[in-house]
Amino acid sequence: MTFDIVTIFPAMFEQPLAAGVIGRAIVRGLLDVKVRDLRDFTTDRHRVVDDVPFGGGPGMVLKADPIFRALDAIEAERGRALTVVLTSPQGSRLTQETARRLSRLEGVVIVCGRYEGVDERVRGRVTEELSIGDYVLTGGELPALVILDAVARLVPGVVGDEQSVADDSFSRGLLDFPQYTRPAEIGGTAEAPLQVPAVLLSGNHAEIRRWRKRQAVARTLERRPDLLAGAALDDEEREILRELVAQRDAGRR
Ligand code: J9Q
């Protein structure tokens, strides 16, 4: 899959894209990521990418022309029509479903917006406008990295263990169960060490599976009950949820 990122801060992408799962996928040729400096698509001596807003007001607005020229160059180089994502607080919220849909495309272009705005005429070339959440950032570079990470890890082969991709919490609609690793006992006090739940050391895999399901359902009910409406629960999980809700409601009475 190809990603083309259009930004005024190309340096912000260097280390994130070189590290970890994404860095490895680029080296292996599964992902082709090109970061494009918007200034390279200006035509004036001073390589100006922004200007004051018509009508007045604070801040600077990203000019349309360098963005149009960048998109034309990317289209010519890739030799196909582009899906163009603009990162912006006005966009629809990035969800796992959106990430899945984008991961089935051959390529995505991400234009990094900025806080003060982008010339509205750019939106004529934008396929979708995406926000990563309701908070104020200085620019769309970190959102672009978030979108790339969420999409790229769904490209077959990028994450080594396909099972872990299929099992991840937002694919199933449940939060993860608690995880522990060695040692089985640590810290705390001598009288009250911090222990791994005994069931996980029992070797009883049927019990472990049931315990994990109960933990995942209980945590989701406690922390993110909104997720349960869209969760694909199996019979056992639905039964556990019924019990936990009954317990909760009994406690409230
Ligand atoms: C470009 N705050 O914020 C949340 N999702 C995207 C953004 C954003 C921002 C400023 C500029 C994107």
Which residues, taken from the stretch 131-142, are more than 7 Å from the ligand (Cβ to nearest atom) and buried (at least 22 other Cβ atoms within 10 Å of the Cβ)? GLU141
Out of ILE5, ILE74, ILE110, ILE26, I need the residue that is outside any strand (DSSP E or B) and in contact (Cβ under 8 Å) with a residue 12 or more places away in the chain. Which one? ILE74
Taking into account only those residues within the stretch 103-115 that are crowded, with 16+ Cβ neighbours inside 10 Å and within 13 Å of the ligand (Cβ to nearest atom), which is farthest from ALA64 (Cα to Cα)? ILE110
Criterion (crowded, with 16+ Cβ neighbours inside 10 Å, in contact (Cβ under 8 Å) with a residue 24 or more places away in the chain, of a type outside the set (Asp, Glu) and under 26 Å from VAL217 (Cβ atoms)) met by exactly one of ARG153, ARG125, ARG100: ARG153
Which one of LEU145, LEU154 is assigned to a helix (DSSP H, G or I), closer than 22 Å to VAL35 by Cβ and either away from the ligand (no atom under 15 Å from the Cβ) or at pLDDT 95 or above (or both)? LEU145
Of all residues in the stretch 157-170 being surrounded by 14 or more Cβ atoms within 10 Å (Cβ to Cβ) and assigned to a helix (DSSP H, G or I), which is modelled with the lowest pLDDT? SER169
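The values are calculated or read from the model by the stated rules, or taken from the named source; none is laboratory data. Worth saying up front: this structure is predicted, and the values here are computed from it rather than measured. Counting neighbours? That spans all protein chains shown, and the Cβs are built from the backbone with ideal geometry, glycine included.
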